[in-house]
1. Lys93 accessible area, nearest 10 Å², 1.4 Å probe?
2. For a quick check of understanding: with a 1.4 angstrom probe and all protein chains in place, what accessible area in square angstrom does Lys76 have, to the nearest ten?
3. Of the candidates Ala62, Ala108, Ala151, which one comes out as most mobile in a Gaussian network treatment of the chain with C-alpha springs shorter than 10 Å?
4. What does the helix-only formula give at 222 nm for the chain: each DSSP H stretch with n ≥ 4 adding -39500 (n - 2.57), the total divided by the residues, and the result rounded to the nearest 500 deg cm²/dmol?
5. Determine the share of the range 33-165's accessible area contributed by carbon and sulfur atoms, expressed in whole percent, with a 1.4 angstrom probe.
6. If ligands, DNA and RNA are left out, what is the accessible area of Ser137 with a 1.4 Å probe, given in Å² to the nearest 10?
7. Have a look at Lys130, Lys60, Lys82 and tell me which one the Gaussian network model of the chain (Cα, springs below 10 Å) gives the largest fluctuation.
8. Can you tell me how much longer the chain between Ala90 and Ser10 gets when fully stretched, taken as 0.36 nm per residue apart minus their C-alpha distance, in nm with one decimal?
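The values are calculated or read from the model by the stated rules, or taken from the named source; none is laboratory data. What you are looking at is a predicted structure, and each value in this text was computed from that prediction instead of being measured. Note that each Cβ is placed from the backbone with ideal geometry, even for glycine, and that neighbours are counted across all protein chains shown. When the accessible area is computed, the model is the full protein with side chains, heavy atoms only, and any ligands, DNA or RNA have been set aside. Shrake-Rupley method; radii C 1.70, N 1.55, O 1.52, S 1.80 Å.
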Amino acid sequence: MIRQPGSDDSTPTPEELRARVEGTREELGMEVEEAAGKTADVKEQAQAKAAELKETAQAKGAELKAQAQVKGAELKGQAQVKGAELKGQAQVKGAELKGQAQTRAAGAKAQAQVKAAEVLERTPQPVREKAYQVGESARTNVKPLIGFGLAVLAVCVVVSRAGRR
């Protein structure tokens, strides 16, 4: 049976209305408390999840740091090995080049000696004798030769300084 508004049967008394209002208030109060509890629970869950994510991130960061240190040590070792290898190669190449340079120098010295012998053979005897006398004179009279050299040096210095002014 449906109650019609405005009929005498359907009009509640003020006490019934108060009772209904009071019941509705109690229901709303419980619903509000339930919603507040759920809200607090969501906040706690969010904080717990944030703490969990923070711990996970810290663990992952520590793991990556350890991996980086291991990789760094590995690369350092590889670099040291490669450096030692290159140093050895450089020493071998240096010794090889030194040997080549010594061989070339010995060849150049031999050529110079041959050329000097050829020039000496073509030089007339009187010129050779005079050159020998000058050499002997220089060996026996070192002091005058040194004095002459110092005089030439002094003249060069004076001329050099005069040219700068």
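1. The value for Lys93 is about 100 Å².
2. It works out to around 130 Å².
3. Ala151
4. Values: 3 runs with 148 residues, N = 165.
Rounded to the nearest 500, it is -33500 deg cm²/dmol.
5. That share works out to 63 percent.
6. Its heavy atoms expose roughly 60 Å² to the probe.
7. Highest fluctuation among the options: Lys130.
8. Details: separation 80, 0.36 × 80 = 28.80 nm, distance 11.20 nm.
Taking 0.36 nm per residue and subtracting the Cα distance, the gain is 17.6 nm.
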